[in-house]
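**Q** Below is the structure I would like to discuss, written out as structure tokens.
The values are calculated or read from the model by the stated rules, or taken from the named source; none is laboratory data. Quick caveat: nothing in here was measured; it's all calculated off a predicted structure. All Cβ positions, glycine included, derive from the backbone under ideal geometry; neighbour counts span all protein chains shown. Each accessible area value is taken on the protein alone, full model and side chains, heavy atoms only, with ligands, DNA and RNA left out. Shrake-Rupley method; radii C 1.70, N 1.55, O 1.52, S 1.80 Å.
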Amino acid sequence: MDSSVVFNIVTTAIAVVAVVTSIVFSARQARIAKHANHISVLVDLLREFRSAEFHEQHDYVCTSLGAEHDPAGGVRGLPAEAKAAFCSVVYYYQSFANLAVFGLLDQTLLVTVLRTRIVSVWKAVRPFVERERVLRGEGSEGTYLSTFEELARLAADLPPEHVRNQMAEARRRRRGLMG
């Protein structure tokens with residue numbers, strides 16, 4: 001083989017390796033950046049979750065809203081204090097749902113972290129939301145809080161052992177990195 005042919009083959013191979021390496025590192029960097037966005041958004045939203053007032057409203061929505069108020073008036077028919085608790089809690093989860101729908105937050109992460117709370121809130125508010133949809137002229141399958149409804153469906157479909165499986169997987173990864 002002529003030395004110029006060998007030289008061309010070697011330089012082409014080096015160029016291909018450089019391009020492939022660049023693509024791999026770019027993809028990895030994009031994944032890291034996406035996860036960094038998820039973490040900051042999640043931390044910001046969970047700040048409200050740490051407030052005692054939010055938990056009082058959450059408990060009220062899940063345990064007392066339906067017992068104290070008839071859903072026939074929809075959300076608009078709730079008295080001011082009940083409506084404030086409803087909006088605080090439901091729109092909190094709706095914010096998560098909207099971020100997940102637009103790919104700014106990983107749905108599986110969100111549903112894993114807040115699974116039981118999302119399901120319990122949706123169960124409590126569903127009659128009010130469905131009636132509100134009718135009152136708005138959307139019918140029971142309307143769009144009012146539909147992203148939260150979808151998030152609740154995903155949460156309900158996630159097996160309860162999913163959280164334990166995720167924790168076990170994280171332990172395995174840590175052991176693999178340390179060992």
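**Q** Take the residues in region 114-131 that are under 13 Å from V163 (Cβ atoms) and of a type in the set (K, R); name whichever of them is most open to solvent (accessible area, probe 1.4 Å).
**A** R117
**Q** Give just the number: which of (1) modelled with pLDDT of 90 or more; (2) small (G, A, S); (3) more than 20 Å from D106 (Cα to Cα) does G142 not satisfy?
**A** That leaves (1) as the condition not met.
**Q** Which residue is nearest to K123 (Cα to Cα), if the candidates are limited to region 157-179 and must be open to solvent by less than 60 Å² (accessible area, probe 1.4 Å) and under 18 Å from the mean Cα position of the chain (by Cα)?
**A** Restricting to residues being open to solvent by less than 60 Å² (accessible area, probe 1.4 Å) and under 18 Å from the mean Cα position of the chain (by Cα), the top hit is L158.
**Q** Looking at (1) within 18 Å of T147 (Cβ to Cβ); (2) modelled with pLDDT of 95 or more, find the lone condition where Y92 falls short.
**A** (2)
**Q** In addition: Could you list, ordered by first residue, the pairs with Cβ atoms under 9 Å in which the first is in region 159-174 and under 19 Å from Q107 (Cβ atoms) and the second is assigned to a loop (DSSP other than H, G, I, E, B) and of a type outside the set (K, R), at least 6 apart or interchain?
**A** N165/P159
Residue-wise test of (1) in contact (Cβ under 8 Å) with a residue 40 or more places away in the chain; (2) small (G, A, S); (3) in contact with a Pro (Cβ under 6 Å, 6 or more places away or on another chain).
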| position | (1), (2), (3) |
| --- | --- |
| F54 | no, no, no |
| S64 | no, yes, no |
| A67 | no, yes, no |
| L78 | yes, no, no |
| Y92 | yes, no, no |
| L105 | yes, no, no |
| V125 | yes, no, no |
| R131 | yes, no, yes |
| G139 | no, yes, no |
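**Q** Further question: Of everything in region 49-59 that's touching a helix residue (DSSP H, G or I) at 6+ places or on another chain (Cβ under 6 Å) and farther than 12 Å from L114 by Cβ, which residue is modelled with the lowest pLDDT?
**A** In the first step, residues of region 49-59 are kept if they are touching a helix residue (DSSP H, G or I) at 6+ places or on another chain (Cβ under 6 Å); the result is 54, 57-58.
Within this subset, residues satisfying the condition of being farther than 12 Å from L114 by Cβ are 54, 57.
Working: F54: 93, Q57: 96.
Checking each candidate, the answer is F54.
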